[in-house]
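Peer 1: Quick one: structure below, then a few questions.
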Amino acid sequence: ASSKLHIRREENVLHIEVDDVLTSSRGDFDLTEAELEVKAREVLTKLPFIEGAYEYTGMQASYTRTDAEGTHILSGGASFRRVMDDIKILGNDRCYICFDGSGLVELYVELYEYEKIGTMELIPLESASKRILDPDMFSIEKGEDTTQIGLIDVLLIDRIELRYVNQYSRGGTILQPVYSYIGTATDKNGAQADCVSVVIAASDSLFDERKG
């Protein structure tokens, strides 16, 4: 039987997926991560509504099948995040492109439009750095086993990045700048995990004033 497409379209979301990804007749996923990124970017550049730069953020195994021979990866996807003014956008505004043994099987795009309405001063990096241990958000990086990390004893920062966060409120049209402190957290037992400590780089009051 031929594949059927399931299409969901909302104001800022387009999601297209075939209905028979889990069938063995489509073949196993056999791309390397480098090959996956290249194929996914080929699809991304052909989408007529895509504008600007996108940063590849990693590979995800979407579906697996286990039999007597072991576990087989049926499909794998490439994740991208939009970049504006050389700054990565977190939260909304992302793209996911998935392939299996027969080709493209899923496309998920969140896309928002922004308008520059002025400038504002950021909180000095020195002031923000004092809040690393009391941030606005703290997370263990995806892929780590968070159950192995207890109360953090040491936080080693490797790099600091200025990023935007697409606010879920106000229609997803607000990009809030944040400082992301990226490094390694160690608990009292010596267990470690990659982590990110996030401090808002401009106050909410400034955003409220600009938007009226």
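Peer 1: Which one is modelled with the highest pLDDT, of the residues in the range 1-11 that are open to solvent by 90 Å² or more (accessible area, probe 1.4 Å) and closer than 15 Å to residue 104 by Cα?
Peer 2: 7
Peer 1: Specify which of the listed residues (55, 106) is within 23 Å of residue 35 (Cα to Cα), touching a Lys or Arg at 6+ places or on another chain (Cβ under 7 Å), at pLDDT 85 or above and open to solvent by 20 Å² or more (accessible area, probe 1.4 Å).
Peer 2: Going through 55, 106 in turn, the sole match is 55.
Peer 1: Filter the range 43-65 for residues that are of a type in the set (D, E, K, R) and closer than 15 Å to residue 108 by Cα and give the result.
Peer 2: Passing the criteria: only 46.
For every residue, the table says whether it meets (1) surrounded by 16 or more Cβ atoms within 10 Å (Cβ to Cβ); (2) more than 21 Å from the chain's Cα centre (by Cα).
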{"site": "13", "(1), (2)": "no, no"}
{"site": "48", "(1), (2)": "no, yes"}
{"site": "60", "(1), (2)": "no, no"}
{"site": "69", "(1), (2)": "no, yes"}
{"site": "79", "(1), (2)": "yes, no"}
{"site": "82", "(1), (2)": "yes, no"}
{"site": "85", "(1), (2)": "no, no"}
{"site": "88", "(1), (2)": "yes, no"}
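Peer 1: Among residues belonging to the range 121-131 that are more than 26 Å from the chain's Cα centre (by Cα) and in a loop (DSSP other than H, G, I, E, B), point out the one that is modelled with the lowest pLDDT.
Peer 2: Among those residues, the one meeting the criterion is 121.
Peer 1: List the pairs whose first member sits in the range 167-189 and is more than 20 Å from residue 123 (Cβ to Cβ) and open to solvent by 10 Å² or more (accessible area, probe 1.4 Å), whose second member is at pLDDT below 90 and in a helix (DSSP H, G or I), and whose Cβ atoms are under 8 Å apart, counting only residues at least 6 apart or on separate chains?
Peer 2: Hits for this filter: 170/211.
Peer 1: Looking at this structure, is residue 73 β-branched (Val, Ile, Thr) and open to solvent by less than 60 Å² (accessible area, probe 1.4 Å)?
Peer 2: The answer is no for residue 73.
The values are calculated or read from the model by the stated rules, or taken from the named source; none is laboratory data. Please read these numbers as outputs of a predicted model, since none were measured by experiment. Every residue, glycine as well, gets a Cβ built from its backbone with ideal geometry; the counts of neighbours run over all protein chains shown. Only protein heavy atoms, including side chains, enter the accessible area calculation; ligands, DNA and RNA are left aside. Shrake-Rupley method; radii C 1.70, N 1.55, O 1.52, S 1.80 Å.
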